[in-house]
Amino acid sequence: DAKTTQPPSMDCAEGRAANLPCNHSTISGNEYVYWYRQIHSQGPQYIIHGLKNNETNEMASLIITEDRKSSTLILPHATLRDTAVYYCIVRVAQGSRLTFGEGTQLTVNP
Amino acid sequence: NAGVTQTPKFQVLKTGQSMTLQCAQDMNHEYMSWYRQDPGMGLRLIHYSVGAGITDQGEVPNGYNVSRSTTEDFPLRLLSAAPSQTSVYFCASSSLAGGLGGETQYFGPGTRLLVL
């Protein structure tokens, strides 16, 4: 699975959009981009994933660049409960292991 | 559905003791896995299974054994606990039927283990 690079920490004001970047310059054509988050002391929670096209669900939007070498997770209206470590992971299809890096610690401030 | 459940929530062991961490899921998922998470670090894969009777090693398998006799259960055994195994252990499961990239992994609440 391709390696990812994320900033170690970010801050965001409550109610504003949080944009979390991820670089995955060695991604292969059959690898998906996944985002998980981990709120303190809890198990990781799936957020969203995509292959080529931008994706949106009730939690977030995922913007993948045309060359697929980077992506951005967008939380449109961050709340205090969105404070967590966010992991960007690239992987091949079903059944393959998730390789967690150190992620980005997002702190949403009141 | 209860999802993924783990027991116990907390455990203190002495060096050399053995124990089994339990993991169960009620979603009929084929794929199950165990991770450990040390303070300030990401999760590392210990062992995983793609179905009953099939297991394989992850990144950090030494000191741990697993078996998968049923679809629902995937216990993790510490053979002889060491202080280096102090960590938080997470179990996860997912379906293999979701199509290419279509499945997501569901994580349990974790077991916090302290080895003295």
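The values are calculated or read from the model by the stated rules, or taken from the named source; none is laboratory data. A quick note: this is a predicted structure, and the numbers were derived from the prediction, not measured. Virtual Cβ from ideal backbone geometry, glycine too; neighbours counted across all protein chains shown. Please note that ligands, DNA and RNA were not included when accessible areas were found on the heavy atoms of the full protein model with its side chains. Shrake-Rupley method; radii C 1.70, N 1.55, O 1.52, S 1.80 Å.
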For B:Lys9, the aspartates and glutamates lying under 17 Å Cα to Cα, once residues fewer than eight places off in the same chain are dropped, come out as B:Asp38, B:Asp73
Charge dipole (debye, nearest 20) of the range B:28-116; +1 at Cβ of Lys and Arg, -1 at Cβ of Asp and Glu
260
With a 1.4 Å probe and every protein chain left in place, work out the accessible area per residue of the range A:1-79 in Å², rounded to a whole number.
54
With charges set only on the Cβ (+1 for Lys and Arg, -1 for Asp and Glu), what does the dipole of the protein assembly as shown come to about its Cα centre, in debye to the nearest 20?
500
A correct Kirkwood calculation over the Cα atoms of the protein assembly as shown returns a hydrodynamic radius in Å of 18.1
Could you sort A:Glu31, A:Glu102, B:Glu59 by their accessible area in this structure, using a 1.4 Å probe and putting the largest first?
A:Glu102, B:Glu59, A:Glu31
Over chain A, with a single point scatterer placed on each C-alpha, what log10 of the ratio I(q)/I(0) does the Debye formula yield at q = 0.13 1/Å?
-0.43
Which one, A:Gly43, A:Asn57, A:Ile74, is farthest towards the positive end of the dipole of the range A:40-94 when Lys and Arg carry +1 and Asp and Glu -1 on their Cβ?
A:Gly43
Give the lysines whose C-alpha is closer than 20 Å to that of A:Lys3, dropping any in the same chain fewer than 8 places away, or say none.
A:Lys52, A:Lys69
Can you tell me what percent of all Cα-Cα pairs in the range B:12-116 are more than 21 Å apart?
32
Just tell me the longest site-free run in chain A, where the sites are trypsin sites (Lys or Arg not before Pro) in a DSSP loop having at most 15 other beta-carbon atoms within 10 Å.
A:70-110
